[in-house]
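Note sheet for the following structure.
The values are calculated or read from the model by the stated rules, or taken from the named source; none is laboratory data. Note that this is a predicted model, so its numbers are computed, not measured. Because the Cβ atoms are built from the backbone with ideal geometry, glycine has one as well, and the counts that use them run over all protein chains shown. Ligands, DNA and RNA are excluded from the accessible area calculation, which covers all protein heavy atoms including side chains. Shrake-Rupley method; radii C 1.70, N 1.55, O 1.52, S 1.80 Å.
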Amino acid sequence: MTNKPDCILLTSLRATPTARLHAEFNVLVAPTAPAERLAFIKAHPDTRFVAASGGWVPAEVFQALPKLEIVSCFGVGYDGVDIPAAKAANVPVTNTPDVLNDCVADTTMGMVLGAMRKFPQADRFVRDGSWLKGGQALTTSVHHKKMGIAGLGRIGKTIAKRAQGFDMEIGYYGRSKQADVPFKYFADIADMAAWCDVLVVITPGGAATRNMIDARVLKALGPKGYLVNISRGSVVDEPALIEALKTGAIAGAGLDVFADEPRVPEALLALDNVVVAPHVGSATNETRDAMGNLVVDNLIAVKNGKKPLTPVY
(Lines give C-alpha, C1' and ligand atoms only; values in the text may rest on other atoms or scores of the structure.)
Protein backbone atom coordinates (compact mmCIF):
# COMPACT_ATOMS: atom_id res chain seq x y z
CA MET A 1 0.00 0.00 0.00
CA THR A 2 1.08 3.56 -0.60
CA ASN A 3 0.10 6.76 1.15
CA LYS A 4 0.57 8.68 -2.07
CA PRO A 5 -2.67 9.81 -3.76
CA ASP A 6 -3.63 8.33 -7.12
CA CYS A 7 -2.97 10.29 -10.28
CA ILE A 8 -4.35 9.06 -13.59
CA LEU A 9 -1.89 9.68 -16.40
CA LEU A 10 -3.50 10.33 -19.79
CA THR A 11 -0.43 11.65 -21.59
CA SER A 12 3.27 10.87 -21.93
CA LEU A 13 5.99 12.77 -20.09
CA ARG A 14 9.76 12.65 -20.34
CA ALA A 15 11.97 10.92 -17.78
CA THR A 16 12.52 13.78 -15.31
CA PRO A 17 8.90 14.92 -14.92
CA THR A 18 7.78 11.26 -14.91
CA ALA A 19 10.14 10.52 -12.01
CA ARG A 20 8.85 13.56 -10.14
CA LEU A 21 5.26 12.45 -10.75
CA HIS A 22 5.97 8.97 -9.36
CA ALA A 23 7.69 10.48 -6.32
CA GLU A 24 4.55 12.43 -5.39
CA PHE A 25 1.72 10.21 -6.62
CA ASN A 26 0.65 6.64 -7.17
CA VAL A 27 0.60 6.88 -10.96
CA LEU A 28 -2.13 5.02 -12.83
CA VAL A 29 -1.24 4.86 -16.52
CA ALA A 30 -4.42 4.79 -18.59
CA PRO A 31 -4.81 2.92 -21.89
CA THR A 32 -4.56 4.97 -25.08
CA ALA A 33 -7.86 3.98 -26.76
CA PRO A 34 -10.65 6.38 -25.67
CA ALA A 35 -13.20 3.66 -24.84
CA GLU A 36 -10.65 1.74 -22.78
CA ARG A 37 -9.55 4.95 -21.11
CA LEU A 38 -13.07 5.73 -19.94
CA ALA A 39 -13.49 2.24 -18.55
CA PHE A 40 -10.15 2.59 -16.75
CA ILE A 41 -11.11 6.00 -15.32
CA LYS A 42 -14.49 4.72 -14.14
CA ALA A 43 -12.68 1.88 -12.34
CA HIS A 44 -10.84 4.48 -10.19
CA PRO A 45 -13.66 6.80 -9.03
CA ASP A 46 -11.78 8.15 -5.99
CA THR A 47 -8.96 9.67 -8.07
CA ARG A 48 -8.30 13.33 -7.25
CA PHE A 49 -5.60 14.11 -9.78
CA VAL A 50 -5.34 13.76 -13.56
CA ALA A 51 -2.42 14.57 -15.88
CA ALA A 52 -3.59 14.80 -19.48
CA SER A 53 -2.97 16.28 -22.88
CA GLY A 54 -5.18 19.15 -23.96
CA GLY A 55 -6.58 17.02 -26.76
CA TRP A 56 -8.76 14.56 -24.82
CA VAL A 57 -10.61 15.23 -21.58
CA PRO A 58 -14.34 14.77 -22.29
CA ALA A 59 -17.19 15.48 -19.90
CA GLU A 60 -17.31 11.79 -18.94
CA VAL A 61 -13.98 12.17 -17.12
CA PHE A 62 -15.39 14.81 -14.78
CA GLN A 63 -18.58 12.81 -14.30
CA ALA A 64 -16.65 9.63 -13.45
CA LEU A 65 -14.37 11.29 -10.89
CA PRO A 66 -16.50 13.09 -8.26
CA LYS A 67 -13.45 13.78 -6.04
CA LEU A 68 -11.34 15.24 -8.85
CA GLU A 69 -9.33 18.30 -7.77
CA ILE A 70 -7.37 19.20 -10.93
CA VAL A 71 -6.74 18.29 -14.56
CA SER A 72 -3.19 19.31 -15.41
CA CYS A 73 -2.68 19.46 -19.18
CA PHE A 74 0.54 19.06 -21.11
CA GLY A 75 0.68 21.72 -23.84
CA VAL A 76 -0.68 25.20 -24.33
CA GLY A 77 -3.80 24.08 -26.23
CA TYR A 78 -6.79 22.64 -24.38
CA ASP A 79 -9.42 22.52 -27.11
CA GLY A 80 -10.07 18.83 -26.35
CA VAL A 81 -10.98 19.56 -22.73
CA ASP A 82 -14.67 20.00 -21.93
CA ILE A 83 -14.30 23.29 -20.06
CA PRO A 84 -18.04 23.70 -19.31
CA ALA A 85 -17.99 20.27 -17.67
CA ALA A 86 -14.89 21.24 -15.69
CA LYS A 87 -16.54 24.44 -14.51
CA ALA A 88 -19.73 22.59 -13.59
CA ALA A 89 -17.66 20.17 -11.50
CA ASN A 90 -15.61 23.07 -10.06
CA VAL A 91 -12.40 21.40 -11.22
CA PRO A 92 -9.52 23.66 -12.28
CA VAL A 93 -7.80 22.91 -15.58
CA THR A 94 -4.22 23.99 -16.21
CA ASN A 95 -1.94 24.12 -19.24
CA THR A 96 1.75 24.84 -19.83
CA PRO A 97 2.08 28.39 -21.21
CA ASP A 98 5.22 30.51 -21.60
CA VAL A 99 7.74 27.66 -21.25
CA LEU A 100 7.22 26.80 -24.94
CA ASN A 101 6.97 30.32 -26.40
CA ASP A 102 10.56 30.55 -27.61
CA CYS A 103 10.65 27.06 -29.08
CA VAL A 104 7.40 27.52 -31.01
CA ALA A 105 8.57 30.92 -32.24
CA ASP A 106 11.83 29.35 -33.46
CA THR A 107 9.87 26.66 -35.28
CA THR A 108 7.62 29.29 -36.83
CA MET A 109 10.55 31.19 -38.30
CA GLY A 110 11.97 27.89 -39.53
CA MET A 111 8.69 27.23 -41.35
CA VAL A 112 8.65 30.77 -42.75
CA LEU A 113 12.18 30.33 -44.07
CA GLY A 114 11.41 26.83 -45.31
CA ALA A 115 8.30 27.91 -47.19
CA MET A 116 9.65 31.13 -48.67
CA ARG A 117 13.28 30.13 -49.31
CA LYS A 118 12.41 26.47 -50.04
CA PHE A 119 15.26 25.00 -47.99
CA PRO A 120 13.72 21.50 -47.75
CA GLN A 121 13.33 21.49 -51.55
CA ALA A 122 16.94 22.71 -51.87
CA ASP A 123 18.10 19.80 -49.74
CA ARG A 124 16.28 17.34 -52.01
CA PHE A 125 17.63 19.18 -55.08
CA VAL A 126 21.19 18.43 -54.00
CA ARG A 127 20.56 14.88 -52.79
CA ASP A 128 18.75 13.67 -55.92
CA GLY A 129 21.43 14.98 -58.27
CA SER A 130 19.34 17.77 -59.80
CA TRP A 131 22.10 20.32 -59.10
CA LEU A 132 24.31 18.51 -61.60
CA LYS A 133 21.83 19.55 -64.31
CA GLY A 134 21.63 23.23 -63.33
CA GLY A 135 20.80 25.59 -60.50
CA GLN A 136 17.65 25.61 -58.39
CA ALA A 137 14.98 28.17 -59.25
CA LEU A 138 15.14 31.45 -57.38
CA THR A 139 13.03 31.84 -54.24
CA THR A 140 11.51 34.71 -52.21
CA SER A 141 13.38 36.91 -49.72
CA VAL A 142 12.14 36.95 -46.15
CA HIS A 143 13.71 40.17 -44.86
CA HIS A 144 11.67 43.39 -45.12
CA LYS A 145 8.49 41.44 -45.92
CA LYS A 146 5.18 41.91 -44.11
CA MET A 147 4.12 39.25 -41.59
CA GLY A 148 0.50 39.05 -40.48
CA ILE A 149 0.00 37.18 -37.21
CA ALA A 150 -3.41 35.67 -36.50
CA GLY A 151 -3.43 35.49 -32.71
CA LEU A 152 -1.06 37.92 -30.96
CA GLY A 153 -0.90 36.15 -27.61
CA ARG A 154 2.22 35.14 -25.72
CA ILE A 155 3.59 33.03 -28.55
CA GLY A 156 2.44 35.47 -31.22
CA LYS A 157 4.38 38.29 -29.57
CA THR A 158 7.48 36.09 -29.38
CA ILE A 159 7.12 35.28 -33.09
CA ALA A 160 6.84 39.01 -33.81
CA LYS A 161 10.09 39.60 -31.93
CA ARG A 162 11.83 36.97 -34.06
CA ALA A 163 10.38 38.43 -37.25
CA GLN A 164 11.58 41.91 -36.34
CA GLY A 165 15.08 40.46 -36.36
CA PHE A 166 14.48 39.91 -40.07
CA ASP A 167 13.36 43.54 -40.43
CA MET A 168 9.83 42.39 -41.14
CA GLU A 169 6.82 44.67 -40.75
CA ILE A 170 4.25 43.17 -38.37
CA GLY A 171 0.47 43.24 -38.46
CA TYR A 172 -1.93 41.25 -36.32
CA TYR A 173 -5.52 40.05 -36.24
CA GLY A 174 -7.48 39.37 -33.06
CA ARG A 175 -10.78 39.92 -31.33
CA SER A 176 -9.76 43.44 -30.34
CA LYS A 177 -6.91 45.91 -30.67
CA GLN A 178 -4.32 45.54 -27.94
CA ALA A 179 -3.10 48.53 -25.98
CA ASP A 180 0.64 49.25 -26.06
CA VAL A 181 1.20 47.04 -29.11
CA PRO A 182 3.02 48.94 -31.86
CA PHE A 183 1.93 46.69 -34.71
CA LYS A 184 -0.77 47.34 -37.31
CA TYR A 185 -4.14 45.94 -36.18
CA PHE A 186 -6.70 44.32 -38.48
CA ALA A 187 -10.28 43.66 -37.41
CA ASP A 188 -10.83 41.41 -40.46
CA ILE A 189 -8.42 38.57 -41.12
CA ALA A 190 -8.97 38.75 -44.89
CA ASP A 191 -7.87 42.38 -44.83
CA MET A 192 -4.68 41.34 -43.07
CA ALA A 193 -4.15 38.50 -45.54
CA ALA A 194 -4.39 40.98 -48.41
CA TRP A 195 -1.83 43.22 -46.69
CA CYS A 196 0.82 40.68 -45.69
CA ASP A 197 3.37 38.55 -47.52
CA VAL A 198 3.23 35.70 -45.02
CA LEU A 199 0.25 34.87 -42.80
CA VAL A 200 1.20 33.09 -39.56
CA VAL A 201 -1.59 31.31 -37.69
CA ILE A 202 -1.08 30.92 -33.95
CA THR A 203 -4.66 31.02 -32.62
CA PRO A 204 -6.18 28.46 -30.25
CA GLY A 205 -8.11 25.57 -31.76
CA GLY A 206 -11.74 24.75 -31.11
CA ALA A 207 -15.12 25.68 -32.53
CA ALA A 208 -14.50 29.43 -32.45
CA THR A 209 -11.59 29.23 -34.89
CA ARG A 210 -12.57 26.20 -37.00
CA ASN A 211 -11.81 26.85 -40.70
CA MET A 212 -10.98 30.47 -39.91
CA ILE A 213 -8.46 30.34 -42.76
CA ASP A 214 -10.90 29.59 -45.57
CA ALA A 215 -11.06 30.17 -49.32
CA ARG A 216 -11.89 33.86 -48.79
CA VAL A 217 -8.78 34.43 -46.69
CA LEU A 218 -6.56 32.42 -49.03
CA LYS A 219 -7.82 34.37 -52.02
CA ALA A 220 -6.96 37.59 -50.19
CA LEU A 221 -3.48 36.28 -49.38
CA GLY A 222 -2.93 35.98 -53.11
CA PRO A 223 -0.49 34.31 -55.52
CA LYS A 224 2.58 35.89 -53.88
CA GLY A 225 1.48 35.13 -50.32
CA TYR A 226 2.52 32.34 -47.96
CA LEU A 227 0.63 30.63 -45.13
CA VAL A 228 2.33 29.20 -42.04
CA ASN A 229 0.15 27.27 -39.59
CA ILE A 230 1.73 26.53 -36.22
CA SER A 231 -1.52 26.38 -34.20
CA ARG A 232 -4.09 23.63 -34.86
CA GLY A 233 -5.02 21.92 -38.10
CA SER A 234 -8.69 22.68 -37.49
CA VAL A 235 -8.06 26.41 -37.96
CA VAL A 236 -7.39 25.96 -41.70
CA ASP A 237 -9.91 24.70 -44.25
CA GLU A 238 -7.60 21.98 -45.55
CA PRO A 239 -9.41 21.21 -48.85
CA ALA A 240 -9.49 24.95 -49.63
CA LEU A 241 -5.76 25.18 -48.85
CA ILE A 242 -4.93 22.23 -51.12
CA GLU A 243 -6.91 23.85 -53.93
CA ALA A 244 -5.15 27.19 -53.38
CA LEU A 245 -1.74 25.54 -53.45
CA LYS A 246 -2.60 23.47 -56.54
CA THR A 247 -3.90 26.40 -58.55
CA GLY A 248 -1.31 28.94 -57.45
CA ALA A 249 -3.90 31.02 -55.63
CA ILE A 250 -1.20 31.30 -52.94
CA ALA A 251 2.55 30.87 -53.40
CA GLY A 252 3.20 28.29 -50.72
CA ALA A 253 2.69 27.07 -47.16
CA GLY A 254 4.54 25.80 -44.12
CA LEU A 255 2.44 23.44 -42.02
CA ASP A 256 3.28 21.95 -38.63
CA VAL A 257 -0.30 20.86 -37.90
CA PHE A 258 -3.07 19.12 -39.82
CA ALA A 259 -6.80 18.52 -39.59
CA ASP A 260 -6.54 14.75 -38.95
CA GLU A 261 -2.94 14.32 -37.86
CA PRO A 262 -0.91 12.19 -38.12
CA ARG A 263 -2.86 11.46 -41.30
CA VAL A 264 -1.92 14.04 -43.93
CA PRO A 265 -3.78 14.16 -47.28
CA GLU A 266 -1.80 12.65 -50.14
CA ALA A 267 -2.91 15.58 -52.29
CA LEU A 268 -1.06 17.89 -49.91
CA LEU A 269 2.09 15.77 -49.74
CA ALA A 270 2.26 15.63 -53.54
CA LEU A 271 2.70 19.40 -53.79
CA ASP A 272 6.16 20.94 -54.03
CA ASN A 273 5.11 24.38 -52.74
CA VAL A 274 4.39 23.20 -49.21
CA VAL A 275 6.77 22.38 -46.34
CA VAL A 276 5.41 19.95 -43.74
CA ALA A 277 6.47 18.95 -40.23
CA PRO A 278 4.99 16.43 -37.76
CA HIS A 279 3.63 18.85 -35.12
CA VAL A 280 7.06 19.69 -33.71
CA GLY A 281 6.48 23.29 -32.64
CA SER A 282 7.64 22.65 -29.08
CA ALA A 283 9.50 19.42 -29.71
CA THR A 284 12.90 19.92 -28.15
CA ASN A 285 14.31 18.08 -25.15
CA GLU A 286 14.57 21.26 -23.10
CA THR A 287 11.07 22.56 -23.82
CA ARG A 288 9.32 19.23 -23.36
CA ASP A 289 11.10 18.82 -19.99
CA ALA A 290 9.92 22.29 -18.96
CA MET A 291 6.36 21.55 -20.08
CA GLY A 292 6.29 18.23 -18.23
CA ASN A 293 7.69 19.78 -15.07
CA LEU A 294 4.98 22.46 -15.16
CA VAL A 295 2.33 19.72 -15.44
CA VAL A 296 3.76 18.15 -12.27
CA ASP A 297 4.18 21.52 -10.52
CA ASN A 298 0.47 22.23 -10.99
CA LEU A 299 -0.49 18.84 -9.58
CA ILE A 300 1.82 19.23 -6.57
CA ALA A 301 0.52 22.72 -5.85
CA VAL A 302 -3.07 21.48 -5.60
CA LYS A 303 -2.00 18.39 -3.67
CA ASN A 304 -0.39 20.71 -1.11
CA GLY A 305 -3.54 22.81 -0.78
CA LYS A 306 -2.33 25.69 -2.94
CA LYS A 307 -3.86 27.26 -6.01
CA PRO A 308 -2.85 25.87 -9.42
CA LEU A 309 -0.02 27.79 -11.05
CA THR A 310 -1.36 28.16 -14.60
CA PRO A 311 -5.16 27.79 -14.66
CA VAL A 312 -6.91 28.31 -18.00
CA TYR A 313 -10.06 29.73 -16.35
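State which residue pairs qualify: first residue of a type in the set (Lys, Arg) and inside segment 110-124, second residue open to solvent by 20 Å² or more (accessible area, probe 1.4 Å) and part of a helix (DSSP H, G or I) in any location, beta carbons under 9 Å apart, and separation of 6 or more residues or different chains.
Going by the 9 Å Cβ cut-off, the qualifying pairs are Lys118/Phe125; Arg124/Ser130.
Tell me which of these Ser141 doesn't satisfy, since it passes every other one: (1) assigned to a loop (DSSP other than H, G, I, E, B); (2) open to solvent by 60 Å² or more (accessible area, probe 1.4 Å).
Ser141 satisfies every listed condition except (2).
Could we say that Met111 is under 23 Å from the mean Cα position of the chain (by Cα) and open to solvent by less than 10 Å² (accessible area, probe 1.4 Å) here?
On the way: under 23 Å from the mean Cα position of the chain (by Cα): yes; open to solvent by less than 10 Å² (accessible area, probe 1.4 Å): no.
When the stated conditions are applied, Met111 does not pass them.
Kindly provide the set of residues from segment 112-154 that are among the polar types (S, T, N, Q) and either at pLDDT below 95 or touching a Ser or Thr at 6+ places or on another chain (Cβ under 9 Å) (or both), ordered by number.
Taking segment 112-154 as the starting set, the residues that turn out to be among the polar types (S, T, N, Q) are 121, 130, 136, 139-141.
Residues satisfying the conditions are Gln121, Gln136.
Any residue that is more than 18 Å from Thr203 (Cβ to Cβ) and crowded, with 17+ Cβ neighbours inside 10 Å - is there at least one of those in segment 145-157? Reasoning before the result, please.
Quick first cut of segment 145-157, residues more than 18 Å from Thr203 (Cβ to Cβ) only: 145-146.
Within this subset, residues satisfying the condition of being crowded, with 17+ Cβ neighbours inside 10 Å are 145-146.
Yes, that holds for at least one residue.
Go through the residues of segment 254-274 one by one and say whether even a single one is over 16 Å from Val200 (Cα atoms), assigned to a loop (DSSP other than H, G, I, E, B) and of a type in the set (D, E, K, R).
yes
Among the residues of segment 114-136, is any more than 26 Å from the chain's Cα centre (by Cα) and among the polar types (S, T, N, Q)?
yes
Would you point out which residue out of Val81, Val71, Val57 is of a type in the set (Val, Ile, Thr), in contact with a helix residue (DSSP H, G or I) (Cβ under 7 Å, 6 or more places away or on another chain) and open to solvent by less than 20 Å² (accessible area, probe 1.4 Å)?
Working: Val81 fails: in contact with a helix residue (DSSP H, G or I) (Cβ under 7 Å, 6 or more places away or on another chain); Val57 fails: in contact with a helix residue (DSSP H, G or I) (Cβ under 7 Å, 6 or more places away or on another chain).
Testing whether each residue is of a type in the set (Val, Ile, Thr), in contact with a helix residue (DSSP H, G or I) (Cβ under 7 Å, 6 or more places away or on another chain) and open to solvent by less than 20 Å² (accessible area, probe 1.4 Å) leaves just Val71.
So in segment 37-54, with the set limited to residues that are small (Gly, Ala, Ser) and closer than 20 Å to Ile300 by Cα, which one is most open to solvent (accessible area, probe 1.4 Å)? First the steps, then the outcome.
Residues of segment 37-54 that are small (Gly, Ala, Ser), as a first pass: 39, 43, 51-54.
Going one step further and asking which of them are closer than 20 Å to Ile300 by Cα, we end up with 51-54.
On the way: Ala51: 0, Ala52: 0, Ser53: 35, Gly54: 4 Å².
Among those that are small (Gly, Ala, Ser) and closer than 20 Å to Ile300 by Cα, it is Ser53.
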